[in-house]
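Taking it in order: structure first as structure tokens, then the write-up.
Readers should treat all values here as calculations from the given coordinates under stated rules, not as data from a laboratory. None of these values were measured; they are calculated from a predicted model. Note that we place each Cβ from the backbone using ideal geometry, even for glycine, and neighbour counts take in every protein chain shown.
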Amino acid sequence: MRKGQLFNSDIYQVLSKMGHTDQIAIGDAGLPIPDTTLRIDLALTYGIPSFMQVFELISQEMQIEKVILAAEIQEKNPQILAEIIERISQIEQIQNNKIEIIYFPHEMLKKQTHHCKAVIRTGECTPFANIILQSGVIF
């Protein structure tokens, strides 16, 4: 048995195969997932697991160089945005590098999920709680 904190074998497998600039998305319960993109469905019920629980764990397991958020999160979900920004700040200190934050209109973010290695669906039921994480390199 692995000693790390990530137990989900599907997520672990995707992360282990990611290279520089590959992307993975974490979405709320309502984010549409393309049929051509791997769906890792963690949603159990309203809010379980939360978006932030999943984001925090995934961010411990991968080197992140860029994040993409829906521009609408700034107005429609400032609480989750503040939590994301705080976590990104923590990651920057751990990784000792700056993480680029890009805001796309929500429709563009949904289209970008076609290019992701996987979309992880959470039980989050707050608006625009979606993120695309782009892999960096550890050297």
Cα gyration tensor shape of the stretch 37-83, rounded if a/c is under 1.5, else prolate or oblate by comparing a/b with b/c: oblate
Inter-label distance for Gln74 and Thr21, nm, one decimal - labels placed 7 Å from Cα along Cα-to-Cβ: 2.6
Thr126 versus Ile138: modelled label distance in nm, points set 7 Å from Cα along the beta carbon direction: 3.2
Ile102 versus Leu6: modelled label distance in nm, points set 7 Å from Cα along the beta carbon direction: 2.2
Phi to ³J(HN,Hα) by Karplus 6.51 cos²θ - 1.76 cosθ + 1.60 over the stretch 117-128, Hz, x for Gly, Pro: 5, 6, 10, 9, 8, 9, x, 4, 10, 10, x, 6
Additional length obtainable on full extension of the chain from Gln90 to Asp41, 0.36 nm per residue less Cα span: 15.0 nm
Cβ charges +1 (Lys, Arg) and -1 (Asp, Glu), total dipole of the stretch 22-135, debye: 200
Order by protection proxy (mean Cβ within 10 Å, highest first), peptides 28-36, 46-54: 46-54, 28-36
Cβ-based charge dipole, the stretch 22-135, positive-most Cα from Gln134, Ile68, His114: His114
Cross-link pairs beyond the 21 Å C-alpha cut-off, checked among Lys66/Lys111; Lys17/Lys66; Lys3/Lys66; Lys3/Lys98: Lys3/Lys66; Lys3/Lys98
Among (i) 143; (ii) 106; (iii) 129, the entry derived from the coordinates for volume of the Cα convex hull per residue in Å³: (ii)
